[in-house]
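Report on the structure given below.
Just so it is clear, none of the values below were taken in a lab; they were calculated from the coordinates. From a predicted model like this one, the values you see are computed outputs, not experimental measurements. Quick reminder, even Gly has a Cβ in these numbers, built from the backbone with ideal geometry, and neighbours come from all protein chains shown.
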Amino acid sequence: EAQVTQNPRYLITVTGKKLTVTCSQNMNHEYMSWYRQDPGLGLRQIYYSMNVEVTDKGDVPEGYKVSRKEKRNFPLILESPSPNQTSLYFCASSFREGPSEQYFGPGTRLTVT
Amino acid sequence: LAKTTQPISMDSYEGQEVNITCSHNNIATNDYITWYQQFPSQGPRFIIQGYKTKVTNEVASLFIPADRKSSTLSLPRVSLSDTAVYYCLVKARNTPLVFGKGTRLSVIA
């Protein structure tokens, strides 16, 4: 089954404790991205990757890191999480960058206390 | 980046056709228009995409006038399960996918 998976689905952590949210897709997609969704603000793109070893900032990259060492995986790293990073995070992938259908993962709800 | 404007919310009765219009006055020549649907606590789901005129798939139709400054998503005979937030996006190559606040559609029995 074609899908984007994220882990963990739920995470409660404390300020400053490094964490990684994993994202994996099984569709051989070149393009992957991370979004955060907050009430009243909609979905905002954090980082995106056009292909292996090619990443770039989205609209709200501060406080986040990503890597793309393999085509299927695109982890989101929070080196020192803060409470303002409490949010619902979505990973997405598509065959290529540009006008093509993006497939979204089920989301990761992160709470930073 | 082209900015989109769509109604914040809409209500409809089951079985009716729903049309959600999105304006994108500064759409560029290479931009495509894409619509996504999102249920609470789920990731957005692609509905339909077009460049001009009319596109139809098994779920919806998308109408784009010649000037491309607006587009209308048409959902035929909605049901309660169509209650969701609908996002209109304008996208060109090498630009991020920007989601606005979307239109919250409530379908009433």
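For B:Gln42 and B:Asn26, the difference between the fully extended length at 0.36 nm per residue and the C-alpha to C-alpha distance is 2.7 nm.
Please list, in chain and number order, the residues 5+ apart from B:Ile27 or on another chain whose amide H is under 5 Å from its amide H, with Hs placed from the backbone. Counting only residues 5 or more places away or on other chains, the set is empty. Taking a ≥ b ≥ c as the square roots of the eigenvalues of the alpha-carbon gyration tensor, chain A is classed prolate because a/c is 1.5 or more and a/b outweighs b/c.
Between the range B:4-29 and the range B:60-109, the alpha-carbon centres lie 6 Å apart. If the chain linking A:Asn84 and A:Glu62 were pulled fully straight, counting 0.36 nm for each residue of separation and taking away their Cα-Cα distance, it would gain 6.8 nm.
Projected label points at A:Asn7 and A:Thr111, each 7 Å from Cα along the beta carbon direction, are separated by 2.3 nanometres.
For the residues of B:31-43, the average number of beta carbons from a partner chain within 10 Å of their own beta carbon is 3.
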